[in-house]
Amino acid sequence: MDRFTIVQFYALLRREVLEHRNLFIGAPAVVALLILVATSWVAMQIDETQLAEGLSYISVLFDGLSPFDMAPFFMLLAIPFMLTLYICSAIYLINTLFQDRKEMSILFWQSMPVSNLQTVLSKVFTVVIVAPIFYVLIIFAMYLIGMILLTILVVSNEVDLVGIGWMFLAAIASLVLIYCSALVTSLWLLPTIGWLLLFSAFAKKTPLLWAGGVFILVGFFEDFIFGTQYLANWVQSRAANPNQYLIFEFQSLLERIFNYETLFGIVVGSVLITGAVCMRRFTD
Amino acid sequence: MSNIVEARSLRKNYGNFTALDGVDLTIPSGAISGLIGPNGAGKTTTLKALIGLCDVDGELIVAGRDPRRARHKLMEDVCFIADVGILPKWLKVSQLIDYVEAVHPRFDRKKAEKFLSTTDIPANKRIKELSKGMVTQLHLALVMSIEVQLLVLDEPTLGLDIIYRKEFYDRLLNDYYDGNRTIIISTHQVEEIETLLSHLLFINKGKIVLDTLMSELCEVYTEVLVDADKMAEADACGPIHVRELLGKKSYTFESVPKERLEVLGELQTPSVADLFVAKLKEDRHG
């Protein structure tokens, strides 16, 4: 891969972020703001004694733990962001190859020397690699503001919160876990990513209806013709367990990626993404 | 002179509608070629096929490549402006320039900025905030800053007022065309581009009905304003089109020797617009 190809690909990613900044920056910023406002409001509602007791309790709770031990606690704070990321990613994926056809700007994008493979891959990279970076940065900003507020609270209540610095380090460590979780989840859900992109590239109208409708129809015909429910069970097995979406320790990272189920999903997802590239070939 | 476009038997159907019905065309390198046709004739489909945006059957080579197999490589040598405002509305002008600079190896940013400095287009505005004329100016500034062999324009001035239209073609001819590049223009406003063209293509119902160099037009086609007493004689020469004009009749002939026509009245070369009407009516009547 030469330098120009990398510059081209970077420009494609930048384009995606600029076009969908509301989904990748605006949405998590709103979630962060809501969390900060909500926790500040709660902190203001409780009296000084309760607050001091609570802060002391946290101090005792984390005493003697390393930042990595404390990191999973902060993962809980990330759950609203993870949910927002997946919802925004789904909205992005189902519209991204449809919207430019609808508003005809595809004629401009296609008039540039950029292949359909590069275009579709840039969209996959945006969801898998780039979007989680923005989410993690916004969570980091939220932690930073939260820690500053907490420090003010601690100082004003004259509570000796041992290890507030350690807490901040734990929050930072949790950001790495959050990013890894998003990455592994994206690989785990690659068939969904491929499916949404395929119908985003295919549908002339209402791509979401097409993606959902065809899926239901395929499941229905499988059941009707063969009397089996492999498709429904397979999808259920990939979607049902929330633990599949979070990583609490680094040791499990490789194990989570390099297993039969994930790799099979990556193959299925790649086939569907290839289908989206083929669909993208012609605008008519 | 070599050909930059060679197409044989191009066919394209949209359901029951035949958009291209065996289109054969060749466009010489360095030509300014006009693709003229009524609505639904197949102009846009032909142009989209040339740049690989539309799947067609038949043989097609543009700038030495098959657009259906290597669109993105072809687009290093070809630029395209469509009949609708196709620039992404959410981008700022400066972001658009950044994007083109990053993805196009033959884009000259300084040239683009120089072109834009002569317009009223602000770099920090989003494209949706620009007028249609400004969007077209912006698109033209971008493509004029890219070193390519072929520029494809599909109704580029549609919906623009006369000032923008005139400026568009003036810039194209004075600042862009250098005799080596090829330009293909599809338009309804035939009169505006007539003087620019060196090659002419008429398309109707998915078929090319005329493919000629402008320099050969006067040799093949003749228009004669015939007096009433010589109309029978003119009819005998086999005109392709006859129209009433100030009490006389104007006859258009194809490949009839000038010596034979001189006796009928004053000879002249038909305008592209008149020839277009003549060829279409001839095509309609078989």
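Computed from the coordinates by the stated procedures, all read-outs in this text should not be read as laboratory data. Quick caveat, the model's predicted, so the values are computed rather than measured. All Cβ positions, glycine included, derive from the backbone under ideal geometry; neighbour counts span all protein chains shown.
Legend: ranking of residues B:Ile32, A:Ile133, A:Ile164 from fewest to most surrounding C-beta atoms inside 10 Å; resulting order A:Ile133, A:Ile164, B:Ile32. Rg and Dmax of region A:3-280, both derived from C-alpha coordinates alone, stand at 22.2, 71 Å. Normalising by residue count, region B:124-167 has a Cα convex hull of 91 Å³ per residue.
Once the Cα atoms are used to define both axes, helix B:272-284 deviates from the longest principal axis of chain B by about 70 degrees. Note on B:45-54: average number of Cβ atoms from other chains within 10 Å of each residue's Cβ is 3. Cross-link pairs exceeding 23 Å in C-alpha to C-alpha distance, out of A:Lys102/B:Lys43; A:Lys102/B:Lys111; A:Lys205/B:Lys132, comprise A:Lys102/B:Lys111; A:Lys205/B:Lys132. Here's the picture: charge each Lys and Arg Cβ at +1 and each Asp and Glu Cβ at -1 in region B:216-284, and of B:Leu246, B:Pro270, B:Ala236 the one pushed furthest to the positive end of that dipole is B:Leu246. Its DSSP H runs of at least 4 residues, each contributing -39,500 (n - 2.57), put the calculated 222 nm mean residue ellipticity of chain B at -8500 deg cm²/dmol, to the nearest 500.
When its C-alpha radius of gyration is set against 2.2 N^0.38 Å (N residues), region A:1-145 gives a value of 1.42.
In debye, nearest 20, what is the charge dipole magnitude of chain A about its Cα centre with +1 on Lys and Arg Cβ and -1 on Asp and Glu Cβ, if you could check? Don't skip to the end; give the middle numbers.
Values: 13 positive and 18 negative charges, 311 e Å.
Dipole magnitude for chain A comes out near 1500 debye.
Counted over all Cα-Cα pairs of chain B, pairs farther apart than 37 Å make up 21 percent.
Here region B:216-284 is treated with +1 on each Lys and Arg Cβ and -1 on each Asp and Glu Cβ, and its dipole about the Cα centre works out to around 220 debye.
Ignoring aspartates and glutamates fewer than eight residues from B:Lys110 along the same chain, the ones with Cα atoms less than 12 angstrom from its Cα are B:Asp98, B:Glu101. Here, the protein assembly as shown has an Rg and a Dmax of 32.3, 117 Å when only alpha carbons are counted.
Placing +1 on each Lys and Arg Cβ and -1 on each Asp and Glu Cβ, with no other charges, gives the protein assembly as shown a dipole about its Cα centre of roughly 440 debye. From the alpha carbon centroid of region B:68-140 to that of region B:1-23 is 28 Å. Positive contributions from Lys and Arg (+1) and negative ones from Asp and Glu (-1), summed over other residues with Cβ under 10 Å from the Cβ of A:Leu18, come out at +1. Could you please report the charge total around A:Asp100, scoring K, R as +1 and D, E as -1 over all other residues with beta-carbon less than 13 angstrom from its beta-carbon? Neighbour charge sum, excluding A:Asp100 itself: +3. Measuring how big region B:90-180 is from its alpha-carbon positions, Rg and Dmax come out at 12.7, 36 Å. State the answer as a single residue: which of B:Thr195, B:Leu225, B:Gly42 lies farthest towards the positive end of the charge dipole of chain B, with beta carbon charges of +1 for Lys and Arg and -1 for Asp and Glu, about the Cα centre. Farthest towards the positive end: B:Gly42. Legend: mean number of C-beta atoms from other chains within 10 angstrom of residue C-beta atoms, peptide B:91-101, equals 3. When chain A is described by a simple charge dipole with +1 on each Lys and Arg Cβ and -1 on each Asp and Glu Cβ, the residue from A:Ala11, A:Leu107, A:Val136 located farthest towards its positive end is A:Leu107. Cβ crowding within 10 Å ranks A:Thr206, A:Thr5, B:Thr44 as A:Thr5, A:Thr206, B:Thr44, fewest other Cβ atoms first.
Under the criterion of Cα pairs below 8 Å and six or more residues apart, the relative contact order for region A:3-280 equals 28 percent. Secondary-structure-derived ellipticity at 222 nm for chain A, considering helices only, amounts to -25500 deg cm²/dmol, per-run term -39500 (n - 2.57) for DSSP H runs with n ≥ 4.
Compared with the dominant Cα axis of chain A, that is its longest principal axis, helix A:164-188 is turned about 20°.
So which of A:Lys204/B:Lys128; A:Lys123/B:Lys89; A:Lys123/B:Lys125 end up more than 22 Å apart, counting from Cα to Cα? Could the numbers behind the result be given before it?
Working: A:Lys204/B:Lys128 24 Å; A:Lys123/B:Lys89 19 Å; A:Lys123/B:Lys125 26 Å.
Violating the 22 Å Cα-Cα cut-off are A:Lys204/B:Lys128; A:Lys123/B:Lys125.
Counting Lys and Arg as +1 and Asp and Glu as -1 over every other residue whose Cβ lies under 9 Å from the Cβ of B:Ser9, the net charge comes to -1. Sorted from greatest to least, the principal axis extents spanned by the alpha carbons of region B:216-284 come out as 28, 24, 18 Å. Counting only lysines at least 8 places from B:Lys230 when in the same chain, those with an alpha carbon closer than 19 Å to its own are B:Lys248, B:Lys249, B:Lys258. Rounded to the nearest 10 degrees, the inclination of helix A:27-45 to the longest alpha-carbon principal axis of chain A is 20 degrees.
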